[in-house]
Amino acid sequence: MSLKSLPTEAEWEFAARGGIKSKGYGYSGSNTLEDVAWYWDNSGDTTHDVGTKRPNELGLYDMSGNVSEWCSDWYGSNYYSSSPKNNPMGPDSGSIRVERGCGWGFDTGGCSPSYRSGCPPDFRNDALGLRLCLSE
């Protein structure tokens, strides 16, 4: 295996939902947000060490909370209304990159695996991070 790069938005959501092992939880790994995420109500306004909450079905931690994560896709607010159904790759260009997941300052509505937002690529703060993918 080797490092690939940032996940696409579709790859990120598939992983957050538990991939082929998904149990259909409302959050990444549980229907109870406190079990799997650091967010507005429990974070103390700071990030926490990865792995201090339960993982999802794929063994991935903090997909519903702690920090939002960059994806490789450009953000398009209406992209998914006309995108391919299987593994969409996002718009070809743009000025805003997709971020997924929930940072420690989000309320419960932002912690769902389906929540999406975006920021300019040069945006930085302490509730935004990244997760690298491996490829076979």
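Any read-out appearing in this document is the output of simple, stated calculations on the displayed coordinates, not a laboratory observation. Keep in mind the model is a prediction, meaning the values are calculated, not measured. Every residue, glycine as well, gets a Cβ built from its backbone with ideal geometry; the counts of neighbours run over all protein chains shown.
Using a 7 Å offset from the Cα along the Cα-to-Cβ direction at both SER5 and ASP35, what is the distance between the two label points in nm, to one decimal?
3.6 nm
Select one label from (i) 37, 32, 31; (ii) 43, 35, 26; (iii) 57, 29, 24: the one whose number is Cα extents along the principal axes in Å as derived from the coordinates shown.
Checking each listed value against the structure points to (i).
For the chain, list the cysteines whose Cβ sits under 4.7 Å from no other cysteine Cβ?
Those would be CYS71, CYS119, CYS133, since no other cysteine Cβ in the chain comes under 4.7 Å of theirs.
What nm distance separates the two modelled labels at LEU134 and THR46, each placed 7 Å from Cα along Cα→Cβ?
Going by the 7 Å Cα→Cβ label model, 3.1 nm.
Hey, what do the phi angles of the range 108-116 turn into as Karplus ³J(HN,Hα) couplings, whole Hz, using 6.51/-1.76/1.60 and θ = phi - 60°, x for Gly and Pro?
For the range 108-116, the Karplus-derived couplings read 4, x, x, 9, 6, x, 8, 5, 9 Hz, x marking Gly and Pro.
Would you kindly compute the Cα radius of gyration of the range 1-45 and its largest Cα-Cα separation (Dmax), both in Å?
13.2, 38
Karplus couplings for the range 100-106 from phi (6.51 cos²θ - 1.76 cosθ + 1.60, θ = phi - 60°), rounded to Hz, Gly and Pro as x?
Computed from phi, the couplings for the range 100-106 are 10, x, 10, x, 4, x, 7 Hz.
Would you grab the residues whose amide H sits under 5 Å from the one on CYS119? Only those 5+ places off in sequence or on another chain, please, with H modelled 1.01 Å from N.
ARG97, GLU99
How much length is gained if the chain between ASN86 and ASN125 is pulled fully straight, taking 0.36 nm per residue apart and subtracting their Cα-Cα distance, in nm to one decimal?
Extra length available between ASN86 and ASN125 comes to 10.8 nm.
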